[in-house]
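The values are calculated or read from the model by the stated rules, or taken from the named source; none is laboratory data. On a predicted model such as this, the values are computed, not experimentally measured, just so you know. Virtual Cβ from ideal backbone geometry, glycine too; neighbours counted across all protein chains shown.
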Amino acid sequence: MDAALEVARSLSGRRWLWRQAEARTGLGIAQRLGVPELVGRMLAARGVAIDDAADFLDPTLRALLPDPSRLTDMDAAADRLADAVALGETVAVFGDYDVDGACSAALMVSLLRGLGCPTLTHVPHRMTEGYGPNQAALRGLLARGASLVVCVDCGTAAAEALAVLEGAADAIVLDHHKAEGPPPPVRATVNPNRLDDSSGCGLLCAAAVAFLTAVATVRSLRRRGFFAARAEPDLLGLLDLVALATVCDVMPLTGVNRALVAQGLKVMGRRRRPGIAALLALTGRGGAPTAMSCGFGLGPRINAAGRIAEADLGLRLLLTEDPAEAAALAERLDGINRQRQEVEAGMLDAALRAAEVQAEAGRAALVVSGAGWHPGVVGIVAGRIKERFNRPACVAGVADGVAKGSGRSVPGIDLGAAVIGARQAGLLATGGGHPMAAGFSLPADGLAAFAAYLDERLSAAAQLPAAADLLLEGALTVPAATADFAAQLARLAPFGPGNEEPVFALARARVVRADRVGREGATIRSFIEGEGGGPRLKAMLFRARDGALADRLLARSGEPMHLAGQLRLEEWQGNTGVGFAIVDAAAV
């Protein structure tokens, strides 16, 4: 394909391409919905059919939410939960230490407590307990009176650990991780990625599975007449948790996920959950929450505790009903996140250098490790490597002869299945995940064999370019970059995997002024104009501590260059403006 604006290699090493769309479909969408032709063309370029376009622009649960009973074991899970509610049993919710795990657990606890059911919670410590149920923790929950244990965002591969409950308590698993065999022998395993599930819901996160379970549980209770003398719970009020988890677990924002996030962001905007309200205030996000608010503001702070501190801090924040406690917990999480950033920075340079050697050698998958690297941060570093080299990346910390790590992948390369395959081949002690992310552990002397296995299993990744192509929707002039136009683009939100935020080119733009702003000067704020002068547009470059793009902006040479970025509405003190988020640049 011909490079857009003849940019075969940008300052970040990427080729620019125009996003292709079927012109007739785009025009048909525009005419049917009464939207600008450009919006119709962008929908068509994202594979949206004319008949589906209305639901895409206005995604509702009524139109897109599946019947929960489509999922295998759902009715059994809902009926057992309804029994527990009706009998006033003590239910233990066993979570996970990431955002999806915290949101899933908070959702189930909120539902059950709202229905009058006593609940216990446990979130395993990443360093001392590892991922998923363990017998010591389960025995502790039994000792505290649990007669039903609900595992959220974990449990599919925990048959051995869950066996300790036999004869003492029932167990339900609500999960979404890939299964590699039959489900554990428990009361119900609701997982759209179990081998015998035909629901077609395999792209849901665990919190979405938990939400469907909540819907089914309330339906079961309604059939029994449970709500004859009491109000039904506000299930829609739980959608802020589902939206946060869906975005932070990098689920595709298409189909039902799009409806869950779009509606969940509306719930989040009401700021009725003190913990989320406190985080939004702390991160300075005073307007309507967006998927970006979740992915870059809320998610990293909730994740940070599970990575390097108290595993249940995120869950406690999401469950508290006290605004003062919420503010204090948010401050603690923010501090822990800064600590996490410092730990990450100490690992990143060495990891990138090691990965560069492997990338130059043509490796399909990049596997790097280091003594003392913090296991709670390796996943973030893997993500940075994946972004830099456009390859699946695994990063491990080594201590006492054991390597514990995480991996991140690129679209179209299923890392989770490969890691499961490596474990089945005897190369790993533990391992699992989903297409875009995975976790693993193994003896440190087995890292070379694991890397060789991934290199062969994921060989298709070797054909990927060194940097992912950048798809552009079209070219803009600075005068055309208006708030009205940005508002039309915002109709395609929420943005994320499967529905990437539109990127436009500003051809032959000039940087009039540029300086560093924000914490430690990590953001560059600039003002740009067209080659012939005229109006100016504020532009921001984030994560700009170094690199060719940052250097070029700060040089203020006055030479024209092509800029690529996203046009966004900005609200400040009641005023609405427009800004340009730079993602790349190229010499003219």
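Miscellaneous remarks
- Hits in the stretch 327-350 - residues which are among the small types (Gly, Ala, Ser), under 23 Å from the mean Cα position of the chain (by Cα) and under 20 Å from Arg273 (Cβ atoms): Ala330
- Among the candidates Leu554, Leu563, Leu569, residue that is assigned by TED's automatic domain parsing to the domain that holds Thr477 and buried (at least 21 other Cβ atoms within 10 Å of the Cβ): Leu563
- Selection within the stretch 450-479 - surrounded by fewer than 16 Cβ atoms within 10 Å (Cβ to Cβ) and either in contact with a His (Cβ under 6 Å, 6 or more places away or on another chain) or in a helix (DSSP H, G or I) (or both): Ala452, Glu456, Ser459, Ala460, Ala462, Gln463
- Among the residues here, Pro274 does not qualify as at pLDDT 95 or above and either closer than 17 Å to Leu65 by Cβ or surrounded by 22 or more Cβ atoms within 10 Å (Cβ to Cβ) (or both).
- Leu458 vs. criteria modelled with pLDDT of 95 or more, aliphatic (A, V, I, L, M) and touching a Cys at 6+ places or on another chain (Cβ under 8 Å): no
- Residue list for the stretch 372-408, filter: under 21 Å from Glu129 (Cα atoms) and of a type in the set (S, T, N, Q): Ser406
- Index of the failed condition, Ala452 passing every other in (1) closer than 30 Å to Ala365 by Cβ; (2) touching a residue at least 12 places away in the same chain (Cβ under 8 Å): (2)
- Sole residue being in contact with a Leu (Cβ under 6 Å, 6 or more places away or on another chain) and either of a type outside the set (Lys, Arg) or modelled with pLDDT of 95 or more (or both), chosen from Ala30, Ala102: Ala102
- Test: Ala417 is surrounded by fewer than 23 Cβ atoms within 10 Å (Cβ to Cβ), part of a helix (DSSP H, G or I) and either aromatic (Phe, Trp, Tyr) or in contact (Cβ under 8 Å) with a residue 60 or more places away in the chain (or both): yes
- Residue in the stretch 480-503 that is outside any helix (DSSP H, G or I) and either aromatic (Phe, Trp, Tyr) or more than 29 Å from Ala21 (Cα to Cα) (or both) present: yes
- Meets criteria (among the hydroxyl-bearing types (Ser, Thr, Tyr) and touching a helix residue (DSSP H, G or I) at 6+ places or on another chain (Cβ under 6 Å)) for Ser459: no
- Residue match in the stretch 558-578 (condition: out of contact with any strand residue (DSSP E or B) (no Cβ under 6 Å at 6 or more places or on another chain), free of Cβ contacts under 8 Å to residues at least 12 places away in the same chain and either of a type in the set (S, T, N, Q) or under 15 Å from Met292 (Cα atoms) (or both)): yes
- Any hit, the stretch 383-394, residues being acidic (Asp, Glu), at negative phi and assigned by TED's automatic domain parsing to the domain that holds Leu111: no
- The stretch 192-233 - residue that is of a type in the set (Asp, Glu) and in contact (Cβ under 8 Å) with a residue 60 or more places away in the chain and, of those, surrounded by the most Cβ atoms within 10 Å (Cβ to Cβ): Asp197
- Search result, residues across the stretch 409-428 that are closer than 19 Å to Gly130 by Cβ and in contact with a helix residue (DSSP H, G or I) (Cβ under 7 Å, 6 or more places away or on another chain): Ala422, Leu427, Leu428
- Among the residues of the stretch 148-178, those identified as assigned to a loop (DSSP other than H, G, I, E, B) and either among the β-branched types (Val, Ile, Thr) or buried (at least 19 other Cβ atoms within 10 Å of the Cβ) (or both) are Asp153, Cys154, Gly155, Thr156, Ala157, Ala158, Ala169, Asp175, His176, His177, Lys178.
- Some residue of the stretch 248-256 being polar (S, T, N, Q) and either under 14 Å from the mean Cα position of the chain (by Cα) or closer than 30 Å to Ala304 by Cα (or both): yes
- Residue match in the stretch 373-392 (condition: over 26 Å from Asp546 (Cβ atoms) and at pLDDT below 95): yes
- Of all residues in the stretch 324-344, those that are of a type in the set (Gly, Ala, Ser) and exposed (fewer than 15 other Cβ atoms within 10 Å of the Cβ) total 3.
- Filtered residue count, the stretch 55-88, keeping only those that are closer than 30 Å to Leu120 by Cα and either assigned to a loop (DSSP other than H, G, I, E, B) or modelled with pLDDT under 95 (or both): 7
- Here Glu356 clears all of (1) over 22 Å from the mean Cα position of the chain (by Cα); (2) in a helix (DSSP H, G or I); (3) of a type in the set (D, E, K, R); (4) over 26 Å from Leu454 (Cα atoms) except the condition numbered (4).
- Within the stretch 1-54, considering residues that are farther than 23 Å from Phe495 by Cβ and in a loop (DSSP other than H, G, I, E, B), the one nearest to the chain's Cα centre (by Cα): Gly13
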